[in-house]
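Notes to accompany the following structure.
The values are calculated or read from the model by the stated rules, or taken from the named source; none is laboratory data. Treat the numbers as computed from the prediction; the structure is a model and nothing was measured. Ideal geometry is used to build each Cβ from the backbone, glycine not excepted, and the neighbour counts take in all protein chains shown.
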Ligand SMILES: [Zn+2]
């Protein structure tokens, strides 16, 4: 082999799975995969529900074999012929939260989960894994996708939900595409929804790093109509017929507003370019939820709508943990203190070097006493992720801790900036 050819071979090997690889392995379409996560606290399983093809691919075309974050679950797609990893992504799920509840000790349940992958040109093997809080594999499932399979459901060519762009910064393949959906708005209430979606947008881009990286985002508001106005509030015995079947009191926690009908969300989005989902609920009840790489759901008419929608997006887009905690020191297994959590804004100090140790100015006491919070903007404050002991956060206050504080702390900002860069550069 000539020296120059050898150099070229090395160069391509070093490039990894970049844009060239995208065109080699994928078409400009989306493979939507619907799964059912089933089981109980002891045993879990994953079943394939349905495969669909969507008309375009709005996700990244670089860093294809790298994870954005570790997540509570991962999907790895390999070329069936040579086993090369051609795409991977990570997520969290309501099912995994449910596994920690009392109900999961007594009964089996199944939860819908839907993920978007680039559409392979050749048969591909998809492996999906769920981890427990100690990063052990809970369950894993693999299946082969033949792109020629006639039973892959074609969606998004007709019956596209009416929508309006609130921000259009560039083509879908170069921007992060966020869809804002209407939940509990009748067709007569859509102007109210568009107004609410604009407020959500304003609030998001009022926060750094979203403000200075606004040109990396497209935001589309999708007017998905509901039969009834408002959403279901089981505590008040109010049940409504809504587009995405959401309700409060998830796992009997009154403020926890979620939906487990993921397919209905994705059905409403077929034919629209989207990667991240925000659902606005037409109610003034307080509540919401955000699940990493799944969705944000929040109430649009409570006075804390503006901070809450950004907080929840911190979970669903940024994979950030809650920084609040309870003084009564409720210990739970969500964040065991003998492993380093994957969320970038909390630490158990098991592997603090992998977190924000580099951002702490010299001379800062570690742990940092709470009473010194005005002196030390970035430190190591004890109390985070629901626990007052053994879990630490970076700043005294943050959007991920309270609705009153106006900004993300410097560590959350850096984590969000890194993710935005990962998805767009
Ligand atoms: Zn923070």
query = Conditions: (1) within 26 Å of residue 133 (Cα to Cα); (2) not in a loop (DSSP other than H, G, I, E, B). Residue 343 meets all but one. Number of the miss?
reply = (2)
task = Being at pLDDT below 95 and not in a loop (DSSP other than H, G, I, E, B) is the filter; apply it to the stretch 281-325 and report the residue that is farthest from the ligand (Cβ to nearest atom).
result = 288
inquiry  = Restricting to the stretch 215-241, count the residues that are touching a residue at least 12 places away in the same chain (Cβ under 8 Å), part of a loop (DSSP other than H, G, I, E, B) and over 26 Å from residue 202 (Cα atoms).
reply    = 4
query = Just a yes or no: is a residue in the stretch 165-184 more than 29 Å from residue 405 (Cα to Cα), out of contact with any strand residue (DSSP E or B) (no Cβ under 9 Å at 6 or more places or on another chain) and touching a residue at least 60 places away in the same chain (Cβ under 8 Å)?
reply = yes
ask   = Given the structure, is residue 412 in contact with a helix residue (DSSP H, G or I) (Cβ under 9 Å, 6 or more places away or on another chain), touching a residue at least 60 places away in the same chain (Cβ under 8 Å), part of a loop (DSSP other than H, G, I, E, B) and not assigned by TED's automatic domain parsing to the domain that holds residue 275?
value = no
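Table: residues versus (1) more than 26 Å from residue 134 (Cα to Cα); (2) out of contact with any strand residue (DSSP E or B) (no Cβ under 9 Å at 6 or more places or on another chain); (3) within 12 Å of the ligand (Cβ to nearest atom).
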site: 350; (1), (2), (3): no, yes, no
site: 360; (1), (2), (3): yes, yes, no
site: 363; (1), (2), (3): yes, yes, no
site: 390; (1), (2), (3): no, no, no
ask   = Taking the stretch 346-365, which residues are surrounded by 15 or more Cβ atoms within 10 Å (Cβ to Cβ), on the phi < 0 side of the Ramachandran plot and either in a loop (DSSP other than H, G, I, E, B) or modelled with pLDDT under 95 (or both)?
value = 346, 348, 355, 356, 360, 364
request  = Quickly run through the stretch 124-156 and pick out the residues that are in contact with a strand residue (DSSP E or B) (Cβ under 9 Å, 6 or more places away or on another chain), loosely packed, with under 13 Cβ neighbours inside 10 Å and assigned to a loop (DSSP other than H, G, I, E, B).
outcome  = 149, 151
message = Please go through the stretch 396-411 and give me each residue that is farther than 12 Å from residue 325 by Cβ and more than 6 Å from the ligand (Cβ to nearest atom), ordered by number.
response = 396, 397, 399, 403, 404, 405, 406, 407, 410
note = Within the stretch 81-103, residues outside any loop (DSSP other than H, G, I, E, B) and closer than 20 Å to residue 289 by Cα come out as 90, 91, 94, 95, 96, 97, 98, 103
